[in-house]
Amino acid sequence: MEIMCKNCHQVFRGHYCNNCGQSAETHKINAHFLWHDIQHGLLHFDKGVLYSLKQLFTRPGHSIREFIEGKRVRHFKPLSLVVVLATLYGLLYHYFHINTFDGAKNSDIDFEHLNEWFATHFSWVTVGSIPIYTIGTYLVFKNQGYNFVEFFVLNTFKAAQRISVQLLTMPILIFLNHTSYIQQYNNTMYIIGIILIFWTNIQFFNKISKIKAFFLTLLSHLIFLICFFLIAAIALLLFGKL
């Protein structure tokens, strides 16, 4: 049966318009439509966010490689996933007055102001760190047949993976907030993040041996740390002068 698209007025057959892609079924806008839009269009809990998170904690490297190679329909878009998770984390961080800089001593830097800035801009800080991770990954693994943007996608999914762990452990962070154990928590989260990076990379780069993938990942992380601390040092110098 031929259908006229209500969006572009193209006559077509099937479930979707072959001109603009709109669905042939356009339901009446009511409470059911609104709930469907929230569930499917924004969060995709049924197959997007939850599916992507499940994959990131069961077969992270394999699922990311498959996404890059074209298996994408069930995944939530990686950059959107990071923004959603990072925004949620930032809101919780701000709401519970978390201060991961407790114990930091520097007369030239207002760490209370820095912590507040960090909470407010956590999403941007997270997204901004992804290209820094990608520099190391690209330099070390560039012979594996992927371009810089594909490595960016890989590191975007890994960022979502790490933020998910931070969200899951948020109750612990709230409990330890403003205590002498906050630094131990930070160190533990860093180690967990490193383990996730190694696990994901070893699965993702399946054309090389696990030992080679391990040591190349170590090298890429060292490059990241060098780049990160250089940028952080410059930022702190500028921040201290504000």
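The values are calculated or read from the model by the stated rules, or taken from the named source; none is laboratory data. Small disclaimer: the values here were computed from a predicted structure and weren't measured. Here the Cβ is made from the backbone with ideal geometry for all residues, glycine too, and neighbour counts use every protein chain on show. Calculation scope for accessible area: heavy atoms of the full protein, side chains included, ligands and nucleic acids excluded. Shrake-Rupley method; radii C 1.70, N 1.55, O 1.52, S 1.80 Å.
Take the Cβ-Cβ distance between Val73 and Met1 as r, set R0 to 22 Å, and report the resulting FRET efficiency rounded to the nearest 0.05.
Working: r = 26 Å, r/R0 = 1.16.
The pair Val73/Met1 has a calculated efficiency of 0.30.
Using θ = phi - 60° in the Karplus curve 6.51 cos²θ - 1.76 cosθ + 1.60, the 3J(HN,Hα) couplings for the stretch 211-219 round to 5, 5, 4, 4, 6, 5, 5, 4, 5 Hz; x is entered for Gly and Pro.
Each of Leu91 and Phe229 was given a label point 7 Å from its Cα along the Cα-to-Cβ line. The distance between the two points is 3.6 nm. A crude spin-label estimate for the pair His27 and Leu222, with each label 7 Å from Cα along the Cβ direction, gives 5.6 nm. Basic side chains Lys and Arg get +1 at the Cβ, acidic Asp and Glu get -1 at the Cβ, and with that the dipole of the chain about its Cα centre reaches some 920 debye.
Hey, how much of the P(r) for the chain falls beyond 26 Å, as a percent of Cα pairs? Value for the chain: 51 percent of Cα pairs lie more than 26 Å apart.
Label-to-label distance for Phe175 and Phe57 is 1.7 nm, based on points extended 7 Å past Cα in the beta-carbon direction. Counting alpha carbon pairs within less than 8 Å and at least 6 residues apart, what relative contact order, in whole percent, applies to the chain? In percent, rounded to a whole number, it is 21. Taking amide H as placed 1.01 Å from N in the peptide plane, the amide H of Tyr16 sits under 5 Å from that of Ala24, each at least 5 places away or on another chain. At full extension, Leu168 and Val125 could sit 13.5 nm farther apart than now, given 0.36 nm per residue minus the alpha carbon distance.
By the helix-only formula, in which each DSSP H run with n ≥ 4 contributes -39500 (n - 2.57) and the sum is divided by residues, the chain has a 222 nm mean residue ellipticity of -21000 deg cm²/dmol. If you run the Gaussian network model on the chain, springs between alpha carbon atoms under 10 Å, then out of Lys210, Lys71, Lys28 the most flexible one is Lys28. Each residue of the stretch 197-206 was assigned a 3J(HN,Hα) from its phi angle through the Karplus expression (A = 6.51, B = -1.76, C = 1.60, θ = phi - 60°), giving 4, 5, 4, 5, 5, 4, 6, 5, 8, 7 Hz with x at Gly and Pro. Backbone geometry of the stretch 68-80 corresponds, through the Karplus equation with coefficients 6.51, -1.76 and 1.60 at θ = phi - 60°, to 3J(HN,Hα) couplings of 5, 7, x, 8, 10, 4, 8, 8, 7, 4, x, 5, 5 Hz, x marking Gly and Pro.
Solvent exposure of the chain amounts to 62 Å² per residue of accessible area, where only protein heavy atoms count and the probe is 1.4 Å.
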